Amino acid sequence: MLQLAGKRLIQMAMIMLTVSILLFLSFEADIGNLATKILGQYSTTDQRLLWLEKNGYNEPLVYRYLQWAWNALRGDFGESLQFATPVSKLLKDHLLNTAILGGLVFGITVSISLVLGVLSGIAEGSPRDRTITIVAVVTTSIPEFASATILVAIFVFWLEWLPGTSPFTDGLTWADANQLVLPVMVLVIYNFGYYTRMTRASMAEVMTSQYVRTAILKGLPYKRVIMRHALRNALIAPFTVMILQLNYLLSGVIVTEVFFSYKGFGKLLYQAATFNDSYVIEACAMVAVFIAVFSQFVSDIGYTLLNPRIRLS
Amino acid sequence: MTDTTAEETGTPEARSAGAKFLKAFALLSESRIGMIGLAIVVFWVSMAIIVDILPLQDPLAQTRGAVNMAMMSEDKTGVMHWMGTDSKGRDILSRLLHGSRIVLFWSTIATVVAYSLGMLMGVTAGYRGGWWDEIISYIGNVLLAFPQIVLLLVILSAFGPTSTFGLWLKSTLGLDKTIVSGGLIVVAITFSTAPQVARIVRGIVLDLKTRDYIAAAEVRGERPLRIMLVELLPNARGPLIVDACLRLGYVIITIALLGFLSLGLPPPDPDWGKMISEGREWGYFGLNMMLWPALAISSLVLGLNLLADGLREISLRD
């Protein structure tokens, strides 16, 4: 077990290392371009050379990479070109906002999809199962920006129930909590289908297993068979998949944040990408990759811990 | 031409190809959702093909004084705009149908490129094993560690159409801006999609590798490349066809998404994602302009997903 965790941690570190080198090379290898970006199109060549000299860009690439990586490890990602604020400060505020949105969405999505998945998995092929499956296919076919458009048309312009943007200009307060409804709804609608289908497949498989048949045949109440025998085994696979899916959830969060002007991690990354704010892009990408790799680690370890067949062998 | 003549002369191969197609269609027709999906996909594909001969307005023509019109309204010159006009006075119906061609064209190219590379990577990793597998899987793991949109944003901001590299492509090589943008989008999507395809193909190949016909081919002394391309890949096609349908749907979403984030194809060509983001700037007045492309893209992706479901259903039945 410890050996597995250690091996996974080393793999994680290797991937982070490779990603950091790739990011550094894509954004900072071309220093002439960097100087132009910072000093503006109309700066003279002398100014650019002076700036490069002063900020240590004439050092060898390897040295600069090590310096950048060391600073990044200590949480110093440089200063944003666009906002002239330290990147770490920007990241901290925006990540917190995204964590709130993402956490809400994850919680709601998982609860809905577990209930629906189990309901359709225990009665494979029934009308209820088919209805849930079709609803899941339809909702996963509507990309976030399309469903956001449709929901805005309904709830903002037609019914006039909800605000159409979520800028939270006064900070996150309860009074403005209705601004969160649409972003959460959009993300839940897009994501619950996949989770539901995973749970359904796993539940359907468990229901055909020998031990569930034995439990039913020996006369246990149906509810008890489901709750104690089937469910616990059926949830192992969806659990790991749901954690792995955090990666995809994050992609969706970025789109939704841009659509609703929600000041989160995704909005920050998008603004940085359109402005070509190199340091912010580097930092955001590193954080995103860390989240993805770490969730993969948790899912691997979790699967081993949850599955007695692997744990005890 | 080849199809009909071959069938008339009755070469066994050609007959079996035609028969196979008919059989596949007959099988699919047993799955109702598969047929619904196929109908939607066929509708959009045929729209993309015949859009030029339909009696539509010019998708780029701007009508003065006919801005942000509601659906089913006539402008002063008496031209009917069935879906209204956008913020620049262009006919939405026409832009929507012309957009289907752009979306389907670029997404098909991106899917084919990503799929070819992914299959090659996957079959090599699975069949060769050893270092090949280690290296290919590692590259895949690094690329898959990025959330997809983060990877696209990184690639397109470092090497996109407005970067030094993109400007170099445009100015030095003199390439058209649509081709540069489209090409870079295809490359970015390949980076994010090919590893996923490779992973699936590798899994299938690891299983197929142990079959007797592969051992037979090896004993016959066939070269590894031939075994991979002729023996392994065609036998892996069942699950791959289903996956390709789903994948095409994701690529369509991705391309429209890039358009929505203004990182996609350059204006003024109609691109569904771009149309949504243009409408978003207008709030209530842009609603009509956003809803149609949102419905269009949802229906196309839904069609592909239903088709994939139908195909999976019949492939499980066999």
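The table below gives the values:
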quantity: Average beta-carbon neighbours from other chains, 10 Å sphere, peptide B:250-263; calculated: 3
quantity: MRE, 222 nm, helices only [DSSP H, n ≥ 4, -39500 (n - 2.57), over the protein assembly as shown, to nearest 500]; calculated: -23500 deg cm²/dmol
quantity: For A:Ser299, A:Ser43, B:Ser277, order by how many other beta-carbon atoms lie within 10 Å, fewest first; calculated: A:Ser43, A:Ser299, B:Ser277
quantity: Ranking of B:Phe43, A:Phe260 by count of other Cβ atoms within 10 Å, fewest first; calculated: B:Phe43, A:Phe260
quantity: Value of relative contact order over the range B:175-264, rounded to a whole percent, pairs C-alpha under 8 Å and six or more apart; calculated: 34
quantity: Relative pair counts by distance (%), Cα atoms of the range B:169-229, 10 Å bins; calculated: 18, 27, 20, 19, 13, 2
quantity: Under 14 Å, Cβ to Cβ, from A:Phe297 - net charge with Lys/Arg +1 and Asp/Glu -1; calculated: +1
quantity: Descending Cα extents along the principal axes, the range A:72-221, whole Å; calculated: 69, 48, 28
quantity: Kirkwood estimate for the range A:151-303, i.e. one over the average of 1/r between Cα atoms, Å; calculated: 18.6
quantity: Tail fraction, Cα-Cα pairs, the range A:1-45, threshold 11 Å, whole percent; calculated: 72
quantity: Using a Förster distance of 35 Å, the FRET efficiency for A:Asp93-A:Met227 (Cβ separation, nearest 0.05); calculated: 0.25
quantity: Chain lengthening between B:Glu74 and B:Ala39 when straightened (0.36 nm per residue, less Cα-Cα); calculated: 9.5 nm
quantity: Interchain or long-range residues, amide H under 5 Å from A:Glu79's placed H; calculated: A:Val87
quantity: Over the protein assembly as shown, volume per residue of the alpha carbon convex hull, in Å³; calculated: 223
quantity: Unit charges at the beta carbon, dipole of the range A:1-61: most positive-side option, A:Phe24, A:Leu39, A:Gln3; calculated: A:Gln3
quantity: Mean Cα-pair separation over length for the range A:41-199, i.e. relative contact order, pairs under 8 Å, 6 or more apart, %; calculated: 26
quantity: Peptides ranked, highest mean first, by Cβ atoms within 10 Å: ranges B:125-132, A:101-108, B:211-218, B:61-68; calculated: A:101-108, B:125-132, B:61-68, B:211-218
quantity: Cα gyration tensor, the range A:104-154 - rounded (a/c under 1.5), prolate or oblate; calculated: oblate
quantity: Simple label model, 7 Å out from Cα along Cβ direction - A:Lys7 to B:Arg237, nm; calculated: 3.7
quantity: Cα-based Kirkwood hydrodynamic radius, the range A:1-98, one decimal, Å; calculated: 15.8
quantity: Cβ-based exposure ranking for B:Trp106, A:Trp174, in which fewest neighbours within 10 Å come first; calculated: A:Trp174, B:Trp106
quantity: For chain A: rounded, prolate or oblate by the Cα gyration tensor [a/c cutoff 1.5]; calculated: oblate
quantity: Per residue, the convex hull volume that the Cα atoms of the range A:178-246 enclose (Å³); calculated: 95
quantity: Chain B: relative contact order in percent, alpha carbon pairs under 8 Å with at least 6 residues between; calculated: 25
quantity: Dipole magnitude of chain A, debye to nearest 20 (Cβ charges: Lys/Arg +1, Asp/Glu -1, about Cα centre); calculated: 1740
quantity: Protection proxy ranking of B:149-155, B:112-118 - average other beta-carbon atoms within 10 Å, highest first; calculated: B:149-155, B:112-118
quantity: Anisotropy class of the range B:167-318 from Cα gyration tensor, a/c 1.5 cut; calculated: oblate
quantity: Exercise: per-residue mean of other protein chain Cβ atoms within 10 Å, A:266-279; calculated: 3
quantity: FRET E, pair A:Asn178, B:Gln62, Förster distance 45 Å, beta-carbon r, rounded to 0.05; calculated: 0.75
quantity: Shielding of B:153-162 by partner chains, average beta-carbon count, 10 Å; calculated: 6
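Laboratory data are not the source of any read-out in this text; all were calculated from the coordinates shown. From a predicted model like this one, the values you see are computed outputs, not experimental measurements. In this analysis, Cβ positions are derived from the backbone assuming ideal geometry, glycine residues included, and neighbour counts consider all displayed protein chains.
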